[in-house]
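The values are calculated or read from the model by the stated rules, or taken from the named source; none is laboratory data. Since we're looking at a predicted model, the values are computed, not measured. Because the Cβ atoms are built from the backbone with ideal geometry, glycine has one as well, and the counts that use them run over all protein chains shown. Ligands, DNA and RNA are stripped out before the accessible areas are found, and what is left, the full protein with its side chains, is counted by its heavy atoms. Shrake-Rupley method; radii C 1.70, N 1.55, O 1.52, S 1.80 Å.
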Amino acid sequence: DTEVTQTPKHLVMGMTNKKSLKCEQHMGHRAMYWYKQKAKKPPELMFVYSYEKLSINESVPSRFSPECPNSSLLNLHLHALQPEDSALYLCASSQRTRSYEQYFGPGTRLTVT
Amino acid sequence: AQSVAQPEDQVNVAEGNPLTVKCTYSVSGNPYLFWYVQYPNRGLQFLLKYITGDNLVKGSYGFEAEFNKSQTSFHLKKPSALVSDSALYFCAILTGGGNKLTFGTGTQLKVEL
């Protein structure tokens, strides 16, 4: 089963709200990723976790805070977002980093008002 | 810097005809290359990858890709297109020491009856 699940599917939040996005996989993968995707554009990497440790932060603003509570779960905590942060947020996982393919979840469509 | 380029924003093909979606790469060393497909309002689905070995790589849903080192290309192909193949296709390369997946700009494939 190559399934990555993400909740919620849609999220509307104000600029003063705090919310969290959740991602889960049960494939035994040890690498997990957050991407941001604008319409008709390629995904942009935000964070990489390898063996539950943050290994890459692509200079993402601190209003985005990732968390990896265990090897199956990945959260993205959101606070004081801006309207330009509205996008599709994709989670992915892979067996390891390097040559292994990544499997993507369906994404969370975030709208910041 | 390692990168991929997709020279065509859109490709149109008639159902039953062969299709090709183009991708070229720029890398120092051996490339790790991937193709993904994205249907509207969905996450990305892995199609195939080239790490090493045979230059012709077979993937999901009847797709294949040909790795050409002399032309630095990794074109996606399918012998007979289906209307259901209509989607956004991304070529990608592993960068950052193998920890980051960098995507091309994407090619919208439209298969018409």
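Just the accessible area per residue of the protein assembly as shown, please: how many Å² with a 1.4 Å probe?
48
Run through all the Cα pairs of region A:1-106 and give the fraction in each 5 Å bin from 0, expressed as whole percent.
2, 13, 25, 26, 19, 10, 4, 1
Hey, if you drop one equal point scatterer on each alpha-carbon of chain B and run the Debye formula without solvent, what base-10 log of I(q)/I(0) do you get at q = 0.22 Å⁻¹?
Those come out to -1.25, one per q.
With a 1.4 Å probe and all protein chains left in place, how much of the accessible area of chain A comes from carbon and sulfur atoms, in whole percent?
Percent of accessible area from carbon and sulfur atoms in chain A: 48.
Kindly compute the accessible surface that chains A and B hide from a 1.4 Å probe when together, both sides summed, and give it to the nearest 100 Å².
Summing both sides, the interface buries roughly 1800 Å².
At a 10 angstrom cut-off on C-beta neighbours, averaged per residue, how do the peptides A:32-40, B:49-57 rank from highest to lowest?
Order by mean packing, descending: A:32-40, B:49-57.
In the protein assembly as shown, which Cys residues have no partner Cys with a Cβ closer than 4.7 Å?
A:68
Give the average, rounded to an integer, of partner chain Cβ atoms located within 10 angstrom of each Cβ in B:3-11.
Counting Cβ atoms of other protein chains within 10 Å of each residue's Cβ and averaging gives 0.
Other chains' Cβ within 10 Å of A:49-61 residues: what's the mean?
Numbers: counts 0, 1, 0, 0, 0, 0, 3, 4, 0, 2, 0, 0, 0.
Per residue, the number of nearby Cβ atoms from other chains is 1 on average.
Hey, what do the phi angles of region A:102-113 turn into as Karplus ³J(HN,Hα) couplings, whole Hz, using 6.51/-1.76/1.60 and θ = phi - 60°, x for Gly and Pro?
Taking θ as phi minus 60°, the curve returns 9, 10, 9, x, x, x, 10, 7, 9, 10, 9, 10 Hz for region A:102-113.
Using a Gaussian network model on chain A with a 10 Å cutoff between Cα atoms, which of A:90, A:78, A:21 fluctuates the most?
Per the Cα network of chain A with a 10 Å cutoff, A:78 tops the list.
Please compute the contact order of region B:39-113 in relative form: average sequence separation of alpha-carbon pairs under 8 Å and at least six residues apart, divided by the residue count, as a percent.
It rounds to 21 percent for region B:39-113.
So what is the relative contact order of chain A, in percent, for Cα pairs below 8 Å that sit 6 or more residues apart? Please report the intermediate quantities before stating the final value.
Numbers: 287 pairs, mean separation 42.1, N = 113.
Once normalised by length, the contact order is 37 percent.
Round to a whole angstrom and tell me the spacing of the C-alpha centers of region B:58-113 and region A:16-50.
If we compute the Cα centre of each part, the gap is 22 Å.
How would you order B:24-35, B:62-73 from highest to lowest mean count of nearby Cβ atoms within 10 Å?
B:24-35, B:62-73
Over the protein assembly as shown, consider all pairs of different Cα atoms and compute the Kirkwood hydrodynamic radius from their mean reciprocal separation; express it in Å, one decimal. Please list the in-between numbers first.
On the way: mean 1/r = 0.0553 Å⁻¹.
One decimal place: 18.1 Å for the Kirkwood radius.
Tell me, what ³J(HN,Hα) does each residue in region B:95-100 have, in order and in whole Hz, if you take phi through Karplus 6.51 cos²θ - 1.76 cosθ + 1.60 with θ = phi - 60° and put x for Gly and Pro?
10, x, x, x, 9, 10
Percent relative contact order of region A:48-113, based on C-alpha pairs within less than 8 angstrom and at least six residues apart?
Taking the mean separation of contacting Cα pairs over the length of region A:48-113, I get 25 percent.
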